[in-house]
Amino acid sequence: MTDAAAPPIGSTSDVVLHAEGVGRTFRGLQALAGYGVDLRRGEILGVIGPNGAGKSTLFNVITGFVPRTSGSITFAGKHIAGEPPHRIVALGIARTFQNIRLFGRMSVLDNVVAAAAVHGRPHVLASILGLPIAARKERALRERAFIHLEEMNLLPFANSYAAALPYGVQRRVEIARALALQPTLLLLDEPAAGMNTDETAELTEMIREIHRRHGLTTVVVEHDMSLIMPLCDRIQVLNYGRVIAEGTPVEIRNDPRVIEAYLGTEAAAEAVIVEPGLHA
């Protein structure tokens, strides 16, 4: 297949996620209002904003954990608003959570195997009878899990209980588990939370590499500008549930509305941008 067969960037067929007029109200509080996006295949979109801006609510609505109050969402041409989370996962959307949701008393390896099993679990009867096909499928699941552990530099922790790991390592386990779901759209909710500068820099490179290797489209919610600015092709800024600015990292860093609502003068000056879109 040649490059000429691919649709041009920005064409309708290039949009994998389309949201229009999406809103969510909690007891009269507008957590998300009139949200819209055309997310292009292969893009890394950053979503930033102050606490309470609606960023995690956006992820919850897209992935079916919270129903929308208004608007429409389509993914790969299918209407997904109102679908339950397991159906949305099956369509190819995986996510991590702001509040880590690992199986704490399971090993890191078993956490990732459990996710991989969504697409390759042996038949119950075959497992009960100990049939060779069940053993082969179990081996395949573990092999896939080890690949994702290696991608996130987690092999030394494979047999450790998830709950016993440092917070930053648990964040990487969540990403490995999301990858095991074989998504085409990956949603990362504050992946660098609790990490120091060196860990954040390492994670930025990991996200860039898995994005490239798996041919993903990625959305990252994050407060850490040292991750967002060099990683993302485009950034949306939410404030009080609404998009107040959208553009390239350079445009966002210099937007007076963003500086006033979120970055602040000092933070904007420190948000150094190093070759955005390097993964492309």
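The values are calculated or read from the model by the stated rules, or taken from the named source; none is laboratory data. As the structure is a prediction and not an experimental result, all values here were calculated from the model. Every residue, glycine as well, gets a Cβ built from its backbone with ideal geometry; the counts of neighbours run over all protein chains shown.
Tell me the residue from Val61, Val108 that is crowded, with 22+ Cβ neighbours inside 10 Å, not basic (Lys, Arg) and not assigned by TED's automatic domain parsing to the domain that holds Leu238, please.
Exactly one residue qualifies, and that residue is Val108.
With the requirement that a residue be aromatic (Phe, Trp, Tyr) and within 26 Å of Leu216 (Cα to Cα), what does segment 21-68 give you?
Matches in segment 21-68: Tyr35, Phe59, Phe65.
How many residues does segment 217-261 contain that are of a type in the set (D, E, K, R) and in a helix (DSSP H, G or I)?
Matching residues across segment 217-261 total 4.
Which residue is nearest to Thr74 (Cα to Cα), if the candidates are limited to segment 37-52 and must be in a loop (DSSP other than H, G, I, E, B) and under 15 Å from the mean Cα position of the chain (by Cα)?
Out of the qualifying residues, it is Arg41.
Looking only at segment 233-280, count how many residues are modelled with pLDDT of 70 or more and farther than 16 Å from Lys55 by Cα.
Counting residues in segment 233-280 that are modelled with pLDDT of 70 or more and farther than 16 Å from Lys55 by Cα gives 14.
Could you tell me whether segment 66-79 includes any residue that is within 23 Å of Gly42 (Cα to Cα), surrounded by fewer than 18 Cβ atoms within 10 Å (Cβ to Cβ) and touching a residue at least 60 places away in the same chain (Cβ under 8 Å)?
Scanning segment 66-79 turns up at least one residue that is within 23 Å of Gly42 (Cα to Cα), surrounded by fewer than 18 Cβ atoms within 10 Å (Cβ to Cβ) and touching a residue at least 60 places away in the same chain (Cβ under 8 Å).
Each row is one residue, and each column tells you yes or no for (1) closer than 30 Å to Gly54 by Cβ; (2) surrounded by 14 or more Cβ atoms within 10 Å (Cβ to Cβ); (3) at pLDDT 90 or above; (4) over 18 Å from the mean Cα position of the chain (by Cα).
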position: Glu83; (1), (2), (3), (4): yes, yes, yes, yes
position: Gln98; (1), (2), (3), (4): yes, yes, no, no
position: Leu102; (1), (2), (3), (4): yes, yes, yes, no
position: Ser127; (1), (2), (3), (4): no, yes, no, yes
position: Ala134; (1), (2), (3), (4): no, yes, no, yes
position: Met152; (1), (2), (3), (4): yes, yes, yes, no
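Inside segment 154-163, can you point out the residues that are in contact (Cβ under 8 Å) with a residue 12 or more places away in the chain and farther than 14 Å from Glu174 by Cβ?
Those that are in contact (Cβ under 8 Å) with a residue 12 or more places away in the chain and farther than 14 Å from Glu174 by Cβ: Ala158, Asn159, Ser160, Tyr161.
Assess whether Val173 counts as being farther than 16 Å from Leu149 by Cα, of a type in the set (A, V, I, L, M, F, W, C) and either assigned by TED's automatic domain parsing to the domain that holds Arg41 or within 14 Å of the chain's Cα centre (by Cα) (or both).
In short, no.
Could you please give the count of residues in segment 13-40 that are hydroxyl-bearing (Ser, Thr, Tyr) and free of Cβ contacts under 8 Å to residues at least 40 places away in the same chain?
Number satisfying all stated conditions: 1.
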